[in-house]
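Heads up, the thing below is written out as structure tokens.
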Amino acid sequence: AQSVAQPEDQVNVAEGNPLTVKCTYSVSGNPYLFWYVQYPNRGLQFLLKYITGDNLVKGSYGFEAEFNKSQTSFHLKKPSALVSDSALYFCAVRVTGKLIFGQGTTLQVKP
Amino acid sequence: DAGVIQSPRHEVTEMGQEVTLRCKPISGHDYLFWYRQTMMRGLELLIYFNNNVPIDDSGMPEDRFSAKMPNASFSTLKIQPSEPRDSAVYFCASSFSPGTYGYTFGSGTRLTVV
């Protein structure tokens, strides 16, 4: 089955430290991959996407993600975390015209 | 652009009542999606439309749920009769080309069935 998995329910990091939120995928063919962020009581907001090309994708708010075909991963990263980055993060993969979302990872950045 | 507009933002209803959730997609977007979010099940795709036509409704939980898109600027999700287990946040999203551009989500409707 085509799917995406986020192995961590929660990631804790200190402000100023680098952060990584993990995502792995299972799809046939070339994957179209996305990251979204959800702040409390809000809808999901688009962060970045990988369609083709450079394996390192840069997105909004200083986030980037690295596509690794051999490991079927698309981890979200940021060099220096901010307290305001605390939110729920979703990885998604395109499957025949629709996006399938992972279960989400809560990122907690502490001062 | 006002984005994807959902109404109401909050709805509290009694078990057995009919509930109608509304969505106005972004003008020019030809795909519309309805998702449900709960702590237990995460984000579930209920149904999606392309050019106002339902394409995949396999995620609709049961016959109590129905969705319509009478025109390109309006969609409804109806639950009749509602049950406490339907309590969730319901999101509408629209897109021009989902695989390439992703979605734009509305702010959601928080439904509580008591």
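What is region A:55-105 by shape, rounded, prolate or oblate, if you read a ≥ b ≥ c off the alpha carbon gyration tensor as root eigenvalues and call it rounded for a/c under 1.5, prolate for a/b larger than b/c, and oblate otherwise? It is oblate, given that a/c is not under 1.5 and a/b is not larger than b/c.
About its Cα centre, the dipole of region A:1-101 is roughly 320 debye, where the only charges are +1 on Lys and Arg Cβ and -1 on Asp and Glu Cβ.
Using 0.36 nm per residue, how much length does the chain from A:Asn41 to A:Glu8 gain when fully extended, once their Cα-Cα distance is taken away? Mind showing how you got there, number by number?
Working: separation 33, 0.36 × 33 = 11.88 nm, distance 2.17 nm.
Between A:Asn41 and A:Glu8, full extension yields 9.7 nm more.
Computed from backbone phi, the HN-Hα couplings of region B:18-26 come to 7, 10, 10, 9, 10, 8, 10, x, 5 Hz, rounded to whole numbers (Karplus: 6.51 cos²θ - 1.76 cosθ + 1.60, θ = phi - 60°; Gly and Pro given as x). When only Cα pairs below 8 angstrom with a gap of at least 6 residues are kept, chain B shows a relative contact order of 37 percent.
Take the alpha carbon gyration tensor of chain A, find the square roots of its eigenvalues, order them as a ≥ b ≥ c, and report rounded if a/c is under 1.5; if not, report prolate when a/b exceeds b/c, else oblate.
Prolate shape, in that a/c is at least 1.5 and a/b is the bigger ratio.
Going by a ≥ b ≥ c, the root eigenvalues of the Cα gyration tensor, does the protein assembly as shown fall in the rounded group (a/c under 1.5), the prolate group (a/b larger than b/c) or the oblate group? Prolate, because a/c is 1.5 or more and a/b exceeds b/c. Applying 1/(1 + (r/R0)^6) with r as the Cβ-Cβ distance of A:Ser26 and A:Tyr61 and R0 = 30 angstrom yields a FRET efficiency of 0.60. Computed from backbone phi with θ = phi - 60° and the Karplus coefficients 6.51, -1.76 and 1.60, the 3J(HN,Hα) list for region B:84-94 is x, 6, 7, 4, 5, 9, 9, 10, 10, 9, 9 Hz; x is used for glycine and proline. Counting only aspartates and glutamates at least 8 places from B:Lys24 when in the same chain, those with an alpha carbon closer than 17 Å to its own are B:Asp1. Stretching the chain fully between B:Arg41 and B:Arg110 yields a gain of 23.3 nm (0.36 nm per residue, less the alpha carbon separation).
Stretched out fully, how many nm does the piece from B:Arg64 to B:Glu18 gain, at 0.36 nm a residue minus the Cα gap?
Numbers: separation 46, 0.36 × 46 = 16.56 nm, distance 0.95 nm.
Between B:Arg64 and B:Glu18, full extension yields an extra 15.6 nm.
Close amide H pairs (under 5 Å, H built 1.01 Å from N) link A:Ser86 with A:Val109, residues at least 5 positions away or on another chain.
When the Cα positions of A:Val37, B:Cys92, A:Leu48 are compared along the charge dipole of the protein assembly as shown, A:Leu48 comes out farthest toward the positive end, with charges on each C-beta of Lys, Arg, Asp and Glu.
Within a straight-line Cα-Cα reach of under 30 Å, A:Lys69 can be paired with the following lysines, leaving aside sequence neighbours fewer than 8 residues apart in one chain: A:Lys22, A:Lys49, A:Lys58, A:Lys77, A:Lys78, A:Lys98. Over chain B, with a Gaussian network built from C-alpha contacts below 10 Å, which listed residue (B:Thr100, B:Thr13, B:Thr76) shows the highest mean-square fluctuation? Judging by the Gaussian network model, the answer is B:Thr100. Computed from backbone phi with θ = phi - 60° and the Karplus coefficients 6.51, -1.76 and 1.60, the 3J(HN,Hα) list for region B:38-53 is 9, 5, 6, 10, x, 8, 10, 6, 8, 7, 9, 10, 10, 6, 6, 9 Hz; x is used for glycine and proline. Per residue, the average separation of C-alpha pairs within less than 8 Å and at least 6 apart gives chain A a relative contact order of 37 percent. Can you tell me the FRET efficiency between B:Ile55 and B:Thr76 if r is taken as the Cβ-Cβ distance and R0 is 25 Å, rounded to the nearest 0.05? Efficiency computed from Cβ-Cβ geometry: 0.90.
All of the numbers you see were taken from the coordinates with simple rules; none came from a lab. Just so it is clear, the structure is predicted and the values come from calculations on it, not from any experiment. Here the Cβ is made from the backbone with ideal geometry for all residues, glycine too, and neighbour counts use every protein chain on show.
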